[in-house]
Amino acid sequence: MMDSVCRIVYYIMYAAELFLVGEAAFHNRVKEKIRYVVMIAVYISVIIPTVLFMDDYFLVELGLNAAVYIFLFQGKIILRLTHFLGVYIVTSAIESMVSGIGIFLLMMPLKSFHVSAVRSEVVRLLLAIVSVVCTLYIIRRKWAQKLIGYLCALKWYQYIAVILITLSGILLIVISEVLLEYIDNRRKIWLLYTSAAADE
């Protein structure tokens, strides 16, 4: 139950992070409070049963985040969708970096308490909070605002190149996390094998 609660809080916080980063980057948030109330109610009413009763809900999470972002921001739908994809990639990249570094640093200390840093939802939530703070801090710097201005002036094919480069970086980070988990599992299997051989 604790894991489910942590996951629900995580997804709500991640949706808020996307919105806050988008607001800081593009400054085109709407002012009608009724929209916020409606989207919060819809998001919570969908994400809670999804987390509790579904095993694989990545597409649901992505769809909800996109709906919140696109519905609450002004401008043409294509522009809002482009903004969402850019913000989503940036926040995902920073979260992956924070998560990878955090898990690596916490892996040894948490093992002494018999807690897996990779599988613990509490650890994941704490790292996500760090990611939110880092993301909001970075996006509000002057150099980040200037970079956003440069990106807004790019051609469509230049956008594609930037997105592909960023996705490649995210993929490398994900592969690194998977390799760390694989090495850890192989070490556990080797220890079990050697202990079983010693007993024989």
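Rule-based calculations on the coordinates, nothing more; no lab input. If you're wondering where the values come from, they're calculated on a predicted model, not measured in any experiment. Glycine gets a Cβ as well: all are built from the backbone with ideal geometry, and neighbour counts include every protein chain shown.
Details
- Segment 14-127 - Kirkwood radius from inverse mean 1/r over Cα pairs (Å): 15.9 Å
- By the equivalent-ellipsoid construction on the alpha carbon gyration tensor, the chain comes out with semi-axes of 36, 21, 14 Å, ordered largest to smallest.
- Note on Ile77 and Leu62: the model spin-label points, each 7 Å out from Cα along the C-beta direction, lie 1.9 nm apart.
- Calculated from the alpha-carbon coordinates, segment 91-162 shows an Rg and a Dmax of 16.7, 52 Å respectively.
- Local charge for Val90 was computed over the other residues whose Cβ lies under 14 Å away, with Lys and Arg +1 and Asp and Glu -1, and equals -1.
- Contour excess over end-to-end distance, with Cα ends at Tyr159 and Gln145 and 0.36 nm allotted per residue: 3.3 nm
- Kirkwood Rh in Å, taken over all unlike Cα pairs in segment 44-94: 12.0 Å
- Taking the Cα centre of segment 2-199 as origin and assigning +1 to Lys and Arg Cβ atoms and -1 to Asp and Glu Cβ atoms, the resulting dipole is close to 860 debye.
- The angle separating the long axis of helix 142-152 from the principal Cα axis of greatest extent in the chain is about 70 degrees.
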